[in-house]
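Reviewing the structure listed below.
Laboratory data are not the source of any read-out in this text; all were calculated from the coordinates shown. All values reported here derive from a predicted model rather than from experimental measurement. Using ideal geometry, Cβ is built from the backbone for each residue, glycine included, and neighbour counts are taken over all protein chains shown.
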Amino acid sequence: MLAGALITALAVFIITLFAASQIFTQRFSEQSVENAESLSQLSFDNMYQLMSKGWNREQLLKFRADLKQTYQDHDMTFSIYRSDIVNRQFGFLASDVSDSMQPFFQEVLKSKKPMQIKQDEWVRSFRPLVAQNACLQCHTQAKVGDVLGVMGIEQNIGQVLKPARNEFLVWMLLLMPIPVLLALWVGRRFSKSLLRSVHDLNQQVVSINQIDDLKKLAHGKSVFDYTEFDQLNDSLNQLGDKIKNIAIDRDILDFEIQLLDKLVLSSEIVKDWKQHICLLMEEINQILPLYTLFVVFRTDDAEQYVIEVFWLGKPEKAIEKELEVHAKQILSEVSIFEQGSVFKVNHSYATKEPLAVENRIQTQSKSLILDTPKIGGVVGLGVKTFPPKDSSRSVVVESILTTLVNVIGSIKAINKFTKELEYYATRDPLTHLFNQRVFHEMLAYEVGRAHRHHYDFGLMLLDFDNFKLINDQFGHAFGDEVLQQFALAAKNALREGDIFARYGGDEFCVIFPETGFAEVQELAHKVLDATHGIELLAPSGQPVHITCSIGISMYPDHAHDKEDLFMVADNMLYRAKGSGKNAISYPQEADLVEVYKESNDQSLFIMKALETGEPIEPNYQPIVSMETGEIEVHELLMRLRQDDELISAGRFIETAEHMGLVNQMDMILIDKALADANRSGYEGVLFINLSPKAIVASEFIQRIQDLTESYQIDHERIVFEITERETVHNVALLEKFVRELRSEGFRFAIDDFGSGFSSFQYLKRFPVDFIKIEGEFINNMSKNEIDLAFVESAVSMAKSLGIETIAEFIENEETLDLVKSLGIDYAQGYLLATPQPDFSKQLDADIKTRIQTL
């Protein structure tokens, strides 16, 4: 800037010098011309005066000489040029005009007009002497208007200009330092001011390490001193404000990333969530110094809620009490907690170091309300002071609260969902009694324990009398109510330590640990009397009475293992029902012989069936697409023909499993089914129940491959169902087995999904294509919110994993409508179609239309 100012000053000075010199020269030249004209006019006037008096030749020459001398004294040359008219009358007079000047005089003679010429450093003025009336007295040969001669004056102005220019240049050089110094002073002053402003601006920019520091730039004093820069100052302020509003600190972003990294909710975090919150507090404290964090969530309809208060250190008791009061005040204003709710408070500490609280704790909270699952809660932060609302740090508070409320809400939701799953993995969803799976585990456990400690125990099976009639006559909803009342009455008649379970449908089981036969009989009569006294009003207003049949077996009197013990009690139950119902039956010596004979007959029948394969017949239950209303899938079921009667394989399956022959029966069934598919040209999907025994059968995979190749069945059209109810102890072996079949192109489904907790282990470890949701949940979801919530969760999870869903036990149109609305892919049940001996694709027209129009 200094160099520019100096160069500019010098340039201006030179231009000024040149311009002044030109102006001076021009003006001097013009003044010389004017002087020459004035002198020529004066000379002409004098000459005219003299000539008007009359003069001779000597006087003329003397006048010319005197006039010439006068002009020479003033550095000028005077010349008179006579015209031919004068020369002819008065004779030729030698001219003193030089040859170079002759043309100018000749031109004036012709034009009769004055002429001024500036040439180089010479100024010349020519005036014509025009004849007037007075002149004609002497110049008789002339007439008025003739040019008698030309008077010329010539001056060399260069002799005068040169010293003047030199003097002007000297003075200008003497004055030159003044503008240079002035330019230097102005430039230096402006440069220093600008440099200082730029330095201040740079210091402000360097000092900006976070968004809040922008206020130094946005709201500080003007960076630049000059008013001409006011617009730039305003623009910088606007820029600071805009960046402050739209930008986020780097450390905030880093904190967000770290916080997001901790959103992966592992089982350890869900289990020990309080420790996780303490760790999160330490992370939060690095970006936002805080004292405390409080949490309260509603996960049920209890009237008392627990406020979990987390402290970064250990404060004084008075501070804890003050925060409790403040937290309760905040919670009383949240809609998810009823008026008068009771809050219990628990305190946890991230460290045991004393926590100094200087001023009153400031709090900010955020609430969360979910409809599915029904969970609501509040998370609050307690700090020394919160950043201003317009500060980027306020984003941290909102982000922390949002993250925490979602993390803790997710933990609570998962906790609730896990507890429900754990509960329903062992409980019947309708009666809340132990389910069939737990019953078999407890029966096996009790047999082993009784054997070790040498004591007796009893087993009782109960079967509802005429339950199908009640269901058909009054509907399933009333039937479920009857089952619930029946279970409640029977449970009240039992002892506290007795193991009561629902085996399935209208069958119940009771294990009496360390109980003799007489006491078991007494308890059976109590149950019979309690259930017999139940009277319910049907929807029609008709009273309904309940009765049941009971079968009893004792360990070790009637059997030494759980299978035989259950078989004996089951036979006694059927005997009680066959003898008129509403009765108790227990085995005598002859009965045991008959029972074991029947069991032996079943074994012989199974052996014969394996030898010929004829009694084993495949049946196919249609599975309907809820999108198209078409039958696209069939499930393979086993039926056995005995004495020209087609019976369910369930009557023989326990005996077959006890004999270890289920896998061989399955292979015969699969062979016949694939032969049917090949013969009928079936192109749909076939579901095949896979027994756990198949896992240990090394030849199973090879046999399946041989059969599908022989009958030309695409592997992707075969879906093997893993029945979740049948516990597989060696999950690693099952996983290897499944992956081997999967690699061959076969697909897999989890049957009875939700009946046990291992369903989720299967999902995690196996490549599953379908899940068949447990029929109990499907059948009850229209009447039970918990069952409905479970089905909704299962469907949502399956969709997120890309797994198709199938609903079992569709027995009424209400359930069908609900299945469609939940987005379940396929439906199966007696409302849609019953098992058939062939691949039937005929669906009731009304049902099909209902599915398509839902």
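Per the Kirkwood definition applied to all pairs of different Cα atoms, how many angstroms is the hydrodynamic radius of segment 432-587?
15.7 Å
At 7 Å along Cα-to-Cβ for each site, give me the label-to-label distance between residue 813 and residue 16 in nm.
Label at residue 813, label at residue 16, 10.9 nm between them.
Can you compute 3J(HN,Hα) from phi for each residue in segment 233-240, using the Karplus curve 6.51 cos²θ - 1.76 cosθ + 1.60 with θ = phi - 60°, rounded to whole Hz and x for Gly and Pro?
In residue order, the calculated couplings are 4, 4, 5, 5, 4, 5, 4, x Hz.
Restricting attention to segment 453-539, which GluC sites (Glu not before Pro) occupy a DSSP loop and are surrounded by at most 11 other Cβ atoms within 10 Å?
496
What list of ³J(HN,Hα) couplings, whole Hz, do you get for segment 842-850 from phi and the Karplus terms 6.51, -1.76, 1.60, once you set θ to phi - 60° and write x for glycine and proline?
Here the 3J(HN,Hα) series is 8, 10, 3, 4, 5, 5, 4, 5, 4 Hz.
So how strong a dipole does segment 491-594 carry about its Cα centre when Lys and Arg Cβ are +1 and Asp and Glu Cβ are -1, to the nearest 20 debye?
Charge dipole of segment 491-594: 480 debye, to the nearest 20.
So if each residue of separation counts as 0.36 nm, and I subtract the Cα-Cα distance between residue 398 and residue 242, what length gain in nm does that give?
Residue separation times 0.36 nm, minus the Cα-Cα distance, leaves 54.1 nm.
Towards the positive end of the charge dipole of segment 734-854, with charges on Cβ (+1 Lys, Arg; -1 Asp, Glu), say which of 805, 823, 766 has the farthest Cα.
About the Cα centre, the residue reaching furthest to the positive side is 766.
Roughly what would the spin-label model give for residue 121 and residue 330, points 7 Å off Cα along C-beta, in nm?
Using points 7 Å along Cα→Cβ, the separation is 10.2 nm.
Which stretch or stretches of segment 543-585 have amide N atoms under 19 Å from the point lying 7 Å from residue 469's Cα along the Cα→Cβ direction?
Hits in segment 543-585 for residue 469 at 19 Å: 543-550, 574-584.
³J(HN,Hα) across segment 311-323 via Karplus (A = 6.51, B = -1.76, C = 1.60, θ = phi - 60°), whole Hz, x for Gly/Pro?
10, 5, x, 10, x, 6, 4, 4, 5, 4, 5, 4, 5
With r defined as the distance between the Cβ atoms of residue 709 and residue 844 and R0 fixed at 35 Å, what FRET efficiency is calculated, to the nearest 0.05?
Computed FRET efficiency for residue 709 and residue 844 comes out at 0.45.
Pairs to check: 772/848; 764/841; 314/344; 468/672. Give those whose C-alpha atoms are more than 25 Å from each other in this structure.
Pairs exceeding 25 Å: 764/841; 468/672.
What distance in nm separates the simple spin-label points at residue 454 and residue 349, each placed 7 Å from Cα in the Cβ direction?
It is 5.7 nm.
What do you get for trypsin sites (Lys or Arg not before Pro) in segment 96-139 restricted to DSSP loop and a cutoff of at most 16 other Cβ within 10 Å of the site's Cβ?
Here the trypsin sites (Lys or Arg not before Pro) that fit, given the DSSP loop and packing criteria, are 112.
Charges on Cβ only, +1 for Lys and Arg, -1 for Asp and Glu, centred on the Cα centroid of segment 485-584; of 534, 548, 523, which one is farthest towards the dipole's positive end?
After comparing all options, I get 534.
Under 5 Å between amide hydrogens, which residues at least 5 positions from residue 534 or on another chain qualify, with H placed 1.01 Å from N in the peptide plane?
Counting only residues 5 or more places away or on other chains, the set is 546.
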